[in-house]
Amino acid sequence: MERVTYQHPDSRYTVFKLRPERGFGDPDSLFSALGGSVTAVGTGPEVAEGLRVRLGGSWSRHPKHGRQFQFERCEALPPVDREGLCRYLASASFKGIGPRLAERIVDRLGLEALDRIHENPNTLVGIRGLSPAVREGLANTVRTERGTRELRAFLFGLGLGPWYVEEIARVLPGNAEEIIRNDPYILARRVRGIGFLMADRAARKLGLELDAPERRRAALLFAAEKAAGDGHTALTETELTTRTHELLGVEGVTSSLEVDVDTLVTEGELVLESELIPDQRICALPALFTSERELSRNLLHLSDAGPVRPLADEGRLEHAMARGGLALHPEQCNAVLGLLAEPVALLTGGPGVGKTTTLRLVCELAQATGAQLRLASPTGRAAKRLSEATGHEATTIHRLLGWDPIHHKFQHDTRNALQADMVIIDEVSMLDVVLAHHLVKAIQPPTRLLLVGDPDQLPSVAAGNVLADLIDSQRVPVFRLTRVFRQGTSSLIVRNAHRILAGEMPRLPGRGDEPADFYFFPAKNDAQAAERLLEVVTQRIPNSFHLDWVKDVQVLSPMYRGPCGVDALNDRIRASLGPAEQEMVWRGQTFRTGERVLQTRNDYDRNVFNGDMGTIARIEPSVPRLLVRFTDKNVAYEKGELTDLQPAFAITVHRSQGGEFPAVVVPMVTAHAAMLQRNLLYTAVTRAQKLLVLIGSLRALSLAVRNVRGVERQSLLRHWLVDQRNV
C-alpha cells in the first residue's frame with residue numbers, strides 16, 4: 001500500500017495506489033507497462049499505508065483515470081519490509097507517531113516490531129521521543145488492529161462482504177472467529193441480513209459435511225423462523241421438514257429430520273404439541289407457542305370471570321342519541337348495548353358502516369357512568385386517528401403497557417395490571433400474537449376489553465392471526481356492522497371497497513364523468529406504469545386536488561422488486577424532490593433531509609416500532625447520525641441503527657396497515673401477480689381518505705379482485721380458545 005487516495009467512511013468505497021510485490025506475474029506484465037504502480041478501487045475494510053493487501057477482482061478502464069484494478073475482495077496483511085513497516089507505523093492508524101519516530105521503533109525492534117509489541121509492550125520503553133501515553137496507545141492499537149485484521153481476513157475468506165464483516169465485528173465478542181468456527185450458523189441467528197444460505201456457504205468452507213447434524217438443525221430453526229417472518233406461529237412437523245429439505249437440498253442429506261426435531265425440542269429450541277389437533281404434531285418457536293397459549297388462557301380468564309353490569313340501557317342510549325342528533329340503525333344500537341354489557345367483546349365491519357359512530361357512543365355512555373377508559377392502537381398513526389374519532393386520548397399499545405428500557409420488559413403485566421374500567425384497542429387486524437399476549441395479560445377482571453378491527457384487512461406484519469382466530473373460535477362475542485351508511489354519498493372509495501369484498505370490479509369513472517375520489521389510469525407495461533405513477537404523484541394530484549405530494553400522497557405497492565416495486569419507485573420519487581439541504585450515504589443507502597422514512601423493527605428502548613413513519617429533519621454525516629421527526633417525538637439514529645430505516649414515499653401495502661393518507665396511489669401490474677389478492681387490494685383502497693388512484697392494467701386489477709386464496713396463516717390461537725384444557 002503506497003497511498004490511500006480516498007475512503008468513504010460509510011460505504012467503504014476505497015481508492016488506493018499499490019506496488020505489486022516482486023515475483024508477481026511476468027516481467028513484461030501490465031505492471032511493468034504501468035511503471036510498477038497500480039490504482040485499485042472497490043469496497044473493503046479500512047486500510048493503511050504500508051500494509052500489504054491481497055486483492056481479487058478484474059481489470060477495468062476508467063474514462064478519466066485509465067486502467068484500474070476493480071477489486072471485489074480485499075484482505076489486509078501485515079507489512080514485511082522496513083519501508084512498509086515504517087510507513088504503516090507513521091500512518092493515521094497510530095496517533096502521535098510520525099515518520100522519524102516510526103523509524104526509531106523499527107531500528108530498535110526490527111522487522112518483527114509488531115509481533116514484539118503485541119507480545120510485550122514494554123519493549124517500547126526507552127525509545128527516544130515515545131511518551132508513555134503514546135506508547136500505551138501504540139500497544140493497544142497493535143493488539144486491536146491485529147485482532148481486527150485477522151478476523152476480517154477470516155471472514156473475507158468465508159466469502160462474506162465488507163458490510164457483513166463490519167456487522168459481525170460489531171455484534172460478536174472478541175473471540176468471534178472461535179465462535180463462528182464452532183457454530184457457523186450463529187451468523188444467521190445473530191447478524192441481520194445473513195440468512196441460512198449465506199451462513200451455510202461459510203459452514204461448507206469451514207469443512208462442515210452436508211449431512212452434519214449442526215447443519216440440519218440450523219436449517220430446521222431457520223425454516224421455523226422464516227415461517228414466523230411470513231406470519232405463521234406454528235407449522236405441522238411435515239410442513240417444517242418439507243421446508244427444511246428445500247433449504248438443505250437433496251444431495252448428501254440422508255438422515256431423518258424428525259430425530260433432529262426431537263433434539264431441538266429437548267434443547268428447548270422448538271416446542272412440539274401433539275394433542276391440540278388430532279393426528280398432528282405441531283412445531284413452534286417457544287416464544288410464539290407460549291404467547292399464543294397464554295393469550296388464549298388470559299382471554300378466557302377475562303371472559304369467564306362472571307357477568308358484568310351493563311353500562312347502558314335503551315333509555316340511556318336514546319338520550320345520548322337525541323343529545324348528539326344521531327339516528328342509529330338497529331344494528332348499531334344492538335352493538336352499542338352489547339359492547340357495554342360484555343367483559344370481552346369485538347366490534348367489526350368494513351368502511352362506511354358506522355364503526356366510528358358506534359365506538360364514540362360506547363365511550364360516551366361508559367364515561368357517563370364514571371368508568372375510566374384507556375384507548376390504544378398498535379401504531380402511532382392509528383392511535384392518532386382513534387383519538388380524533390372518539391374525542392378521547394389514545395396511545396400506542398407499547399406506551400399503554402409502559403416499556404422499561406432498564407429491565408427490558410413492560411411495566412404492566414399480570415402482577416401490575418392496567419388501572420382502568422375498560423380498555424379499547426383499535427385496528428386489531430394489525431395485532432400480532434406476541435404483543436396481544438403482553439396486552440391481555442396486563443388486563444385483569446373486572447377491567448373490560450373491547451377490540452375493534454376489520455377482518456377483511458391484511459393480517460399483522462409480525463406472526464399471528466389474532467383477529468381472524470378470535471372470530472373463528474366463537475369464544476368472544478362479535479358485533480359485526482354490515483349496513484353501509486356512506487353508500488349513497490359520492491365516495492367511490494367506500495362503494496368500491498365493498499364491491500371488491502363482494503368480488504366485483506370497482507366502478508371506474510370515465511372521461512367526462514363528474515369529479516370523483518377513485519380513478520384508474522391505464523398503462524401498457526410496467527415501465528409506462530412507473531412513468532405515469534411519477535407524473536400522477538408529483539404533478540396531476542397537486543394540480544387537480546391541491547394536495548402537497550411530499551406530505552399528503554402515499555404510494556402503496558404490493559412488492560419490493562421491479563419497475564413498479566417499492567425500491568424503484570422510492571428512487572424515482574425521491575429524485576423529484578431536487579437537491580436536499582443535507583445528504584448521507586450509509587451502506588449503500590442514501591438518506592436526505594425532507595424525505596419520509598419508515599421504521600422496520602420494534603425498538604422498545606427508543607420507543608419506535610415497526611411501521612412508524614417519520615421525516616428526516618437533520619443529518620450529521622461526520623458522526624454519522626440523523627434525526628427523524630415522528631408524529632409525537634424526535635428520534636436520533638446512529639451507525640448500527642440506520643439499517644432500521646427505509647425510504648417511505650413508497651411502501652408495501654402490508655406496511656400501510658393502521659394508517660390513512662389523504663391520497664393513495666397504487667400500481668396494479670401483472671408482474672405483481674404473486675401478491676395480487678383481494679384482501680391486499682381492499683386494504684390499499686381503504687387507506688385512502690380523499691383520493692385513490694390505481695395505475696396499470698385492468699387484467700392485474702381483475703386478478704386481485706378474483707384471488708381470494710392468498711396465503712392462509714397457520715396458527716394455534718383458535719384451537720387453544722376452543723380446547724377444553726383451557727376451560
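The values are calculated or read from the model by the stated rules, or taken from the named source; none is laboratory data. Treat the numbers as computed from the prediction; the structure is a model and nothing was measured. Positions of Cβ are generated from backbone atoms using ideal geometry, with glycine treated the same way; all protein chains shown enter the neighbour counts. Keep in mind that these areas ignore ligands, DNA and RNA; they rest on the heavy atoms of the full protein, side chains included. Shrake-Rupley method; radii C 1.70, N 1.55, O 1.52, S 1.80 Å.
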Tell me, yes or no, whether the range 545-552 has at least one residue that is β-branched (Val, Ile, Thr) and either closer than 23 Å to Ala648 by Cα or free of Cβ contacts under 8 Å to residues at least 24 places away in the same chain (or both).
-> yes
May I ask you to list pairs of residues, at least six apart or on different chains, whose Cβ atoms are under 6 Å apart, with the first in the range 563-590 being touching a residue at least 24 places away in the same chain (Cβ under 8 Å) and the second being open to solvent by 20 Å² or more (accessible area, probe 1.4 Å) and basic (Lys, Arg)?
-> Glu583/Arg592
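With Ile471, Ile425 as the choices, which residue is at pLDDT 90 or above, of a type in the set (A, V, I, L, M) and crowded, with 23+ Cβ neighbours inside 10 Å?
On the way: Ile471 fails: crowded, with 23+ Cβ neighbours inside 10 Å.
Going through Ile471, Ile425 in turn, just one is at pLDDT 90 or above, of a type in the set (A, V, I, L, M) and crowded, with 23+ Cβ neighbours inside 10 Å: Ile425.
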Run Asn496 past the list (1) in a helix (DSSP H, G or I); (2) farther than 22 Å from Thr348 by Cα; (3) under 32 Å from the mean Cα position of the chain (by Cα) and report the number of the one that doesn't hold.
-> (2)
Of a type in the set (Val, Ile, Thr) and open to solvent by 30 Å² or more (accessible area, probe 1.4 Å) - does that describe any residue in the range 696-706?
-> no
Among all residue pairs at least 6 apart or on different chains, which show Cβ distances below 8 Å where the first residue, located in the range 637-663, is free of Cβ contacts under 8 Å to residues at least 24 places away in the same chain and of a type outside the set (A, V, I, L, M, F, W, C) and the second is open to solvent by 10 Å² or more (accessible area, probe 1.4 Å) and not in a helix (DSSP H, G or I)?
-> Tyr637/Arg625; Tyr637/Leu627; Glu638/Val623; Glu638/Arg625
Which condition breaks for Val353 when tested against (1) of a type in the set (Val, Ile, Thr); (2) over 19 Å from Arg316 (Cα atoms); (3) surrounded by 16 or more Cβ atoms within 10 Å (Cβ to Cβ); (4) within 32 Å of the chain's Cα centre (by Cα)?
-> (4)
Tell me, yes or no, whether the range 361-377 has at least one residue that is open to solvent by less than 30 Å² (accessible area, probe 1.4 Å), out of contact with any His (no Cβ under 6 Å at 6 or more places or on another chain) and closer than 19 Å to Arg601 by Cα.
-> yes
Determine which single condition Val336 fails, assuming it passes every other condition in (1) crowded, with 16+ Cβ neighbours inside 10 Å; (2) touching a residue at least 60 places away in the same chain (Cβ under 8 Å); (3) over 18 Å from His232 (Cβ atoms).
-> (2)
Log entry, pairs with first residue in the range 118-130 being open to solvent by 60 Å² or more (accessible area, probe 1.4 Å), second being at pLDDT 85 or above, beta carbons closer than 7 Å, six or more apart or on different chains, reads Arg128/Arg104; Gly129/Leu101; Gly129/Arg104
Does Leu627 meet the test of being within 21 Å of the chain's Cα centre (by Cα) and crowded, with 18+ Cβ neighbours inside 10 Å?
-> no
Filter the range 452-461 for residues that are of a type outside the set (Asp, Glu) and open to solvent by 10 Å² or more (accessible area, probe 1.4 Å); the one that is modelled with the lowest pLDDT is Val461
If Phe485 passes every condition in (1) within 18 Å of Arg293 (Cα to Cα); (2) open to solvent by 30 Å² or more (accessible area, probe 1.4 Å) but one, which one does it miss?
-> (1)
For residues that are modelled with pLDDT under 90 and either open to solvent by less than 40 Å² (accessible area, probe 1.4 Å) or under 22 Å from Arg483 (Cα atoms) (or both), tally how many sit in the range 292-307.
-> 1
Restricting attention to the range 165-201, which residues are of a type in the set (S, T, N, Q) and outside any helix (DSSP H, G or I)?
-> Asn175
Looking at the range 631-681, which of its residues are of a type in the set (Gly, Ala, Ser), within 17 Å of Asp612 (Cβ to Cβ) and open to solvent by 10 Å² or more (accessible area, probe 1.4 Å)?
-> Ala636
Look at the range 608-649 and say how many of its residues are among the β-branched types (Val, Ile, Thr) and either part of a loop (DSSP other than H, G, I, E, B) or over 20 Å from Asp571 (Cα atoms) (or both).
-> 4
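Here is a list: Val106, Val134. Which entry is in contact with a Cys (Cβ under 6 Å, 6 or more places away or on another chain), at pLDDT 85 or above and open to solvent by less than 40 Å² (accessible area, probe 1.4 Å)?
Val106
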Residue count, the range 553-580 (criterion: assigned to a helix (DSSP H, G or I) and either open to solvent by less than 30 Å² (accessible area, probe 1.4 Å) or not small (Gly, Ala, Ser) (or both)) = 8
Could you list, in sequence order, all residues of the range 603-618 that are at pLDDT below 90, crowded, with 17+ Cβ neighbours inside 10 Å and touching a strand residue (DSSP E or B) at 6+ places or on another chain (Cβ under 6 Å)?
-> Val608, Asp612, Met613
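Being part of a strand (DSSP E or B) and either open to solvent by 50 Å² or more (accessible area, probe 1.4 Å) or β-branched (Val, Ile, Thr) (or both) narrows it down to one residue among Val537, Val550, Val597; which is it?
When all the criteria are applied, what remains is Val597.
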Check on His408, at positive phi, open to solvent by 20 Å² or more (accessible area, probe 1.4 Å) and touching a residue at least 24 places away in the same chain (Cβ under 8 Å) | yes
Result of the Cβ filter at 7 Å on the range 482-497, keeping first residues that are at pLDDT below 85 and partners that are outside any loop (DSSP other than H, G, I, E, B) and of a type in the set (Asp, Glu), at least 6 apart or interchain, is Arg483/Glu331
Pro446 is checked against (1) in contact with a helix residue (DSSP H, G or I) (Cβ under 7 Å, 6 or more places away or on another chain); (2) surrounded by fewer than 23 Cβ atoms within 10 Å (Cβ to Cβ); (3) not small (Gly, Ala, Ser) and fails just one. What number does that condition carry?
-> (1)
The range 511-525, subset open to solvent by 40 Å² or more (accessible area, probe 1.4 Å) and not aromatic (Phe, Trp, Tyr), residue nearest to the chain's Cα centre (by Cα) = Asn525
Would you please name the residue that is farthest from Asp432 (Cα to Cα), looking only at residues in the range 244-284 that are open to solvent by 30 Å² or more (accessible area, probe 1.4 Å) and hydrophobic (A, V, I, L, M, F, W, C)?
-> Val250
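The rows are residues; the columns are (1) at pLDDT 90 or above; (2) in contact with a Leu (Cβ under 9 Å, 6 or more places away or on another chain); (3) not in a loop (DSSP other than H, G, I, E, B).
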{"site": "Phe591", "(1), (2), (3)": "no, yes, yes"}
{"site": "Pro662", "(1), (2), (3)": "yes, yes, yes"}
{"site": "Ala671", "(1), (2), (3)": "yes, no, yes"}
{"site": "Leu691", "(1), (2), (3)": "yes, yes, yes"}
Given (1) in a helix (DSSP H, G or I); (2) open to solvent by less than 10 Å² (accessible area, probe 1.4 Å); (3) under 30 Å from Ala223 (Cβ atoms), where does Gly464 come up short, assuming only one miss?
-> (1)
